[in-house]
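Each remark here refers to the structure printed beneath this line.
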Amino acid sequence: MRYFVEGALQGDRLQDTLRRSTIIAIISFLTLIDLFGSQALLPQLVEAYQVDTSTMGVAVNLSTLGMAASGLAVAWFADRIDRKRGIWLSLALLSIPTFLLGIVDDVALFAMLRILQGVFMAAAFTLTMTYLSEQCSITAASGAMAAYITGNVASNLFGRLMAGSLAESVGLAGSFFAFAALNLLGAVIAFVLIGPSSGERPVSGQKPGKAWAAHLSNPRLRASFLIGFVILFLFVGLFTYVNFELVGPRLQLDPLLLGLVYFVFLPAIFTTPIAGKLARKWGARNSFWLSAAVTYAGIFAVWLGNLWVVLLGLSLIGIGLFFAQAAVAGYVGRAAGHSHAAANGLYLSSYYLGGLFGAFTLGLVYEHLDWTGVTVAAVLALGIAMLLARALREEVAAESIKAS
């Protein structure tokens, strides 16, 4: 009887875990689909707005500037924000600038709306990460965070595919209108399915500024923040400008087939969910080094090979960077020990600033030094992140959590 009861309890826990992970992944997908969908439309946007590549590349990725500012703002006021209400309301508000992107015809207005999109996307993202850190055990939080990043991966793949196919069938405006509808769907799902916070919201007893100072004085968290910067720096830079390399004279991919390239993210949907488990087993440092090695292999393949080797390389880059994101984002919650909203806000602000710098810096590199210059810059940036990862000591992080 005892084994029967224990087995039933384990089955219930597994069912609850799968249900929670599915909800989290869906909300993540519907939160970040706008970020990546617009990146897939870059060639069409350049033509529609009659601007150069670097200008539109920065405009499209200015959402990361709004995300960086929003992450800090949400962290500052976190103790006053109900997690569930903040998540669904952010998604509902996100639909407004998304819809307006289908109407405007000025690149400056386009850029401003992308910033506003970033504000609401990051608010939903930061509050969801904080909710997971506060409501789940350390073990469950790692798996939940991996589920959230898996939704992020899916938004990369299906968001880009949807954007491209919708733009071809109903035009650029139609694609933005469809994304606005998906944002509203995400708000409904969050409102209905996210459970309320258990009890009172955690209050750290510290003012936000002191919490930030404490986190920034922690070498493990500082390293995590900087690694997050590098992860999105590489991801945005590489996957924004590889579109022009794919349709350029070296690879000569038919522009009509460009959307199919984003199936390179499909393997990451299956590898990212195991990041939380491996990070708990091997530690965040070793997990990150493994992901960096996979990313290096991908960068080399993209620089060296023909079209099929390049596609394999892009797939490896996606696997490596998403795995790294899941491992490091989960580590932030464990290393912080207190004031999780402040720690998550600082991490996400650094992460999104990295995306903005990646769009701008690697755009300039691409214009002046071509794709070879971009790959060299990526190799150097990833090398810096590997050195920073030496600070991700798992046993010290665990002690700080127990102490809190």
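Take the conditions (1) outside any loop (DSSP other than H, G, I, E, B); (2) at pLDDT below 90; (3) surrounded by fewer than 16 Cβ atoms within 10 Å (Cβ to Cβ); A181 misses just one of them, which is (2).
Looking at the stretch 78-95 only, could you name the residues that are touching a residue at least 24 places away in the same chain (Cβ under 8 Å) and over 18 Å from the mean Cα position of the chain (by Cα)?
So the first thing to find is which residues in the stretch 78-95 are touching a residue at least 24 places away in the same chain (Cβ under 8 Å), and the list is 78-79, 81-84, 86-95.
A78, D79, I81, D82, R83, K84, G86, W88, L89, A92, L93, S95 - these are the residues of the stretch 78-95 that are touching a residue at least 24 places away in the same chain (Cβ under 8 Å) and over 18 Å from the mean Cα position of the chain (by Cα).
When restricted to residues that are more than 15 Å from V376 (Cα to Cα) and of a type in the set (F, W, Y), the stretch 220-238 contains 2. Would a scan of the stretch 222-243 turn up a residue that is over 25 Å from S63 (Cα atoms) and either buried (at least 18 other Cβ atoms within 10 Å of the Cβ) or modelled with pLDDT of 80 or more (or both)? Looking through the stretch 222-243, none of the residues is over 25 Å from S63 (Cα atoms) and either buried (at least 18 other Cβ atoms within 10 Å of the Cβ) or modelled with pLDDT of 80 or more (or both). Residues considered: G354, G298, G363, G333. Of these, the only one that is surrounded by 18 or more Cβ atoms within 10 Å (Cβ to Cβ) and either within 17 Å of L266 (Cβ to Cβ) or basic (K, R) (or both) is G298.
Going by what's in this entry, would H368 be described as outside any helix (DSSP H, G or I) and either surrounded by fewer than 24 Cβ atoms within 10 Å (Cβ to Cβ) or touching a residue at least 24 places away in the same chain (Cβ under 8 Å) (or both)? Break it down stepwise before answering.
Numbers: outside any helix (DSSP H, G or I): no; either surrounded by fewer than 24 Cβ atoms within 10 Å (Cβ to Cβ) or touching a residue at least 24 places away in the same chain (Cβ under 8 Å) (or both): yes.
No; evaluated as a whole, the condition is false for this residue.
Identify the residue in the stretch 29-85 that is assigned to a helix (DSSP H, G or I), among the β-branched types (V, I, T) and over 19 Å from F229 (Cα atoms) and, among all such residues, is modelled with the lowest pLDDT.
Taking the candidates together, the pick is T53.
Just one of (1) in a helix (DSSP H, G or I); (2) at pLDDT below 85 fails for F300. It is (2).
With A398, A391, A341, A377 as the choices, which residue is surrounded by 24 or more Cβ atoms within 10 Å (Cβ to Cβ) and either of a type outside the set (S, T, Y) or at pLDDT 90 or above (or both)?
A341
Taking the stretch 135-163 only, how many residues are out of contact with any helix residue (DSSP H, G or I) (no Cβ under 9 Å at 6 or more places or on another chain) and at pLDDT 75 or above? It would help to see each step written out before you state the result.
Residues of the stretch 135-163 that are out of contact with any helix residue (DSSP H, G or I) (no Cβ under 9 Å at 6 or more places or on another chain), as a first pass: 137.
Okay, now just the ones that are also at pLDDT 75 or above, so none.
So the count comes out to 0.
Of the set (1) in contact (Cβ under 8 Å) with a residue 24 or more places away in the chain; (2) assigned to a helix (DSSP H, G or I), all apply to H338 but (2).
Here is a yes/no grid of residues against (1) assigned to a helix (DSSP H, G or I); (2) in contact (Cβ under 8 Å) with a residue 60 or more places away in the chain; (3) surrounded by fewer than 18 Cβ atoms within 10 Å (Cβ to Cβ); (4) not β-branched (V, I, T):
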position	(1), (2), (3), (4)
L257	yes, no, yes, yes
I269	yes, yes, no, no
K277	yes, yes, yes, yes
R285	yes, yes, no, yes
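Residues in the stretch 190-207: is at least one modelled with pLDDT of 80 or more, under 22 Å from L89 (Cα atoms), under 18 Å from the mean Cα position of the chain (by Cα) and buried (at least 23 other Cβ atoms within 10 Å of the Cβ)? Within the stretch 190-207, none of the residues are modelled with pLDDT of 80 or more, under 22 Å from L89 (Cα atoms), under 18 Å from the mean Cα position of the chain (by Cα) and buried (at least 23 other Cβ atoms within 10 Å of the Cβ).
The values are calculated or read from the model by the stated rules, or taken from the named source; none is laboratory data. Just so you know, these numbers come straight off a predicted model, no measurement behind them. All Cβ positions, glycine included, derive from the backbone under ideal geometry; neighbour counts span all protein chains shown.
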